[in-house]
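Derivation of every value follows stated rules applied to the coordinates shown; laboratory data play no part. Keep in mind the model is a prediction, meaning the values are calculated, not measured. Positions of Cβ are generated from backbone atoms using ideal geometry, with glycine treated the same way; all protein chains shown enter the neighbour counts.
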Amino acid sequence: MIKRLHPGKRFCEAVIVNGIITTAGITGRDESADTTAQTKDILAQIDALLAETGSSKARLISANIWLRDIAHFDQMNAVWDSWIDPANLPVRATVEARLAAPELLVEIQVTALAG
């Protein structure tokens, strides 16, 4: 069975299949914010999606992170490091990429075990 969370025009915010939740790429809601603020907002959105499925960041399997400018790697990591559960680290990839809008500085997609 496939459960789709918050379907929109082109995609769902998350999909659950066989006890695994995969989120869409999530971006900050305030496009005028800096990398730090956008990352905090994204991780809060991820927390909310995971909680909705009875999961948490402690159940993360993987994370993909796209940065508009790799020079912002340390800013994003400072927020990530304060958020992530160090006892339950996921695998992770981070790359520099052209995002959907120039104001978007960070995009994060995660996969986790659903609750």
Q: Provide a single number: the residues in segment 3-29 that are surrounded by fewer than 16 Cβ atoms within 10 Å (Cβ to Cβ) and assigned to a loop (DSSP other than H, G, I, E, B).
A: 7
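To keep it simple, each residue is scored yes or no on (1) acidic (Asp, Glu); (2) closer than 16 Å to ARG29 by Cα; (3) out of contact with any Asp or Glu (no Cβ under 6 Å at 6 or more places or on another chain).
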| residue | (1), (2), (3) |
| --- | --- |
| ILE65 | no, no, yes |
| ASP69 | yes, no, yes |
| PHE73 | no, no, yes |
| TRP83 | no, no, yes |
| THR94 | no, no, yes |
| LEU99 | no, yes, no |
| GLU103 | yes, yes, no |
| ILE108 | no, yes, yes |
| GLY115 | no, no, yes |
Q. On the given criteria, is LEU43 in contact with a Leu (Cβ under 9 Å, 6 or more places away or on another chain) and either farther than 20 Å from ILE20 by Cβ or of a type in the set (A, V, I, L, M) (or both)?
A. no
Q: Tell me which of these SER82 doesn't satisfy, since it passes every other one: (1) more than 21 Å from HIS6 (Cα to Cα); (2) touching a strand residue (DSSP E or B) at 6+ places or on another chain (Cβ under 9 Å).
A: (2)
Q. Are any of the residues in segment 38-45 over 15 Å from VAL110 (Cβ atoms), part of a helix (DSSP H, G or I) and among the hydroxyl-bearing types (Ser, Thr, Tyr)?
A. no
**Q.** Filter result (surrounded by 18 or more Cβ atoms within 10 Å (Cβ to Cβ), among the aliphatic types (A, V, I, L, M) and within 22 Å of ALA100 (Cα to Cα)) within segment 43-78
**A.** LEU43, ILE46, LEU49, ALA63, ILE65, LEU67, MET76
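Quick grid of which residues meet (1) without any contact (Cβ under 8 Å) to a residue 60 or more places away in the chain; (2) acidic (Asp, Glu); (3) closer than 19 Å to GLY115 by Cα:
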position	(1), (2), (3)
LYS3	yes, no, yes
SER32	no, no, no
GLU52	yes, yes, yes
ILE61	yes, no, yes
ASN64	yes, no, no
PHE73	yes, no, no
VAL79	yes, no, no
ASP85	yes, yes, yes
Q | Matching residues in segment 87-109 - criterion: being part of a loop (DSSP other than H, G, I, E, B), touching a residue at least 40 places away in the same chain (Cβ under 8 Å) and in contact with a strand residue (DSSP E or B) (Cβ under 9 Å, 6 or more places away or on another chain) | A | LEU99, ALA100, ALA101, LEU104, LEU105
